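Student: Let me give you the structure first, and then I'll get to my questions.
The values are calculated or read from the model by the stated rules, or taken from the named source; none is laboratory data. Bear in mind the structure is a predicted one, so any value in this text is a computation, not a measurement. Cβ placement follows ideal geometry from the backbone for every residue including glycine, while neighbour counts extend to all protein chains displayed.
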């Protein structure tokens, strides 16, 4: 599963920044095409729901999804072999 | 988990301001509806006038958008005509407490079988931030520019006194608890009243030194005291901090209810 922010719905209230226990949502800095500063995702693969939803078969955490007033945060199925950005830590 | 197919996708994004808590309350109500397993053609959402009362317009069920303050009167009529329907009322504080105050106490007295979700944002948000009966003392709004001088209405306590079967209060920060409270209210026969305190950053927070959305939500979170803790503090004689309000399930009882299908 993959965490996505629907840019066409988000109004940039930054409530997800407040509630996420992993600090995945970070306040954005750039305006998008609608003139709204949407949050950016910091390593979204750390999200519990992304990793373990299929294993447990139910919604885990999901507070950002519930608190988002604009229904912009959701999880989508990943396509097979989707490219990932890999950070190598030394 | 919110039921995604209950939203009217063609109406979204909604017209609420940035950071308005009403969208969160819609999420919580739809999650509770999903938990209850109600069918879409057996559920009806009723609302009056106001920001909060635009909520049924974004939900794909039958809905009634009624006159100001009279949502509960219309909902009583719906329940009497079709007792097999599940009735949920969305209402705001100005709608419920100021103009529909009398309908509210009599719906609680009759104990009509429905769920009332009140989005209390402390002011009349849609018309420009006038003071409502729930504006806390000292708060600045466009009709109280030197600070509200009147004591505020405690809607949940009013519902307890008027005789509702289930009364709870949460804020828009407590999403999981609010979902559970709404689901418990839907299961209880008789009138279930859930007061959800929400943030209104545009018209309330902007004038009361809570300019950003997280600041206003943090203010709600830090002033909420659980009912158990409040009772313990009163018993021990610990002073209650100013501006604090109780959250949690205030009452659950089984008075005879009206309109329950047997």
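Student: Kindly indicate which of B:126, B:119 is within 15 Å of the chain's Cα centre (by Cα) and either under 30 Å from residue B:261 (Cβ atoms) or outside any helix (DSSP H, G or I) (or both).
Tutor: Just a single option satisfies the conditions, and that option is B:119.
Student: Here is a follow-up. Would you please name the residue that is nearest to residue B:22 (Cα to Cα), looking only at residues in the range A:54-64 that are more than 10 Å from chain B (Cβ to nearest Cβ) and touching a residue at least 12 places away in the same chain (Cβ under 8 Å)?
Tutor: Here the residue is A:60.
Conditions tested, residue by residue: (1) farther than 19 Å from residue B:7 by Cα; (2) surrounded by fewer than 20 Cβ atoms within 10 Å (Cβ to Cβ); (3) away from every other protein chain (no Cβ under 12 Å); (4) modelled with pLDDT of 90 or more.
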residue: A:2; (1), (2), (3), (4): yes, yes, yes, no
residue: A:5; (1), (2), (3), (4): no, no, yes, yes
residue: A:40; (1), (2), (3), (4): yes, yes, yes, yes
residue: A:66; (1), (2), (3), (4): no, no, no, yes
residue: A:69; (1), (2), (3), (4): no, no, no, yes
residue: A:81; (1), (2), (3), (4): yes, yes, yes, no
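Student: Something else: Restricting to the range A:7-23, count the residues that are away from every other protein chain (no Cβ under 13 Å) and either surrounded by 21 or more Cβ atoms within 10 Å (Cβ to Cβ) or more than 18 Å from residue B:217 (Cβ to Cβ) (or both).
Tutor: Residues meeting the conditions: 1.
Student: Of the residues that make up the range B:28-44, is at least one assigned to a helix (DSSP H, G or I), more than 14 Å from every other protein chain (Cβ to nearest Cβ) and touching a helix residue (DSSP H, G or I) at 6+ places or on another chain (Cβ under 6 Å)?
Tutor: yes
Student: Which one is surrounded by the most Cβ atoms within 10 Å (Cβ to Cβ) among residues in the range B:165-187 that are in a loop (DSSP other than H, G, I, E, B) and within 14 Å of the chain's Cα centre (by Cα)?
Tutor: B:172
Student: Could I ask something else about it? When residues of the range B:209-262 are filtered for being closer than 28 Å to residue A:11 by Cβ, touching a residue at least 60 places away in the same chain (Cβ under 8 Å) and part of a strand (DSSP E or B), how many remain?
Tutor: Matching residues across the range B:209-262 total 2.
Student: Another question, if that's okay. Could you tell me whether residue B:252 is within 30 Å of residue A:59 (Cβ to Cβ), surrounded by fewer than 19 Cβ atoms within 10 Å (Cβ to Cβ) and either within 14 Å of chain A (Cβ to nearest Cβ) or within 18 Å of the chain's Cα centre (by Cα) (or both)?
Tutor: The answer is yes for residue B:252.
Student: Another one. Could you figure out which of (1) in contact with a strand residue (DSSP E or B) (Cβ under 6 Å, 6 or more places away or on another chain); (2) closer than 24 Å to residue B:189 by Cα isn't true of residue B:40?
Tutor: So the condition that residue B:40 fails would be (1).
Student: Here is a further query. Looking at (1) touching a residue at least 40 places away in the same chain (Cβ under 8 Å); (2) within 14 Å of chain A (Cβ to nearest Cβ); (3) buried (at least 17 other Cβ atoms within 10 Å of the Cβ), which is the one condition that is false for residue B:116?
Tutor: (2)
Student: On the basis of being surrounded by fewer than 23 Cβ atoms within 10 Å (Cβ to Cβ), more than 13 Å from chain A (Cβ to nearest Cβ), closer than 25 Å to residue A:11 by Cβ and touching a helix residue (DSSP H, G or I) at 6+ places or on another chain (Cβ under 9 Å), does residue B:63 make the cut?
Tutor: Here the answer is yes, as residue B:63 does meet what is asked.
Student: I've got another one for you. Considering the range B:5-27 alone, what residues qualify as being surrounded by fewer than 17 Cβ atoms within 10 Å (Cβ to Cβ) and either in contact with a strand residue (DSSP E or B) (Cβ under 8 Å, 6 or more places away or on another chain) or more than 12 Å from chain A (Cβ to nearest Cβ) (or both)?
Tutor: B:5, B:8, B:10
Student: Filter the range A:68-90 down to the residues that are more than 13 Å from the chain's Cα centre (by Cα) and within 22 Å of residue B:18 (Cβ to Cβ) and list them by number.
Tutor: Once the filter is applied, which keeps residues that are more than 13 Å from the chain's Cα centre (by Cα) and within 22 Å of residue B:18 (Cβ to Cβ), the range A:68-90 yields A:69, A:70.
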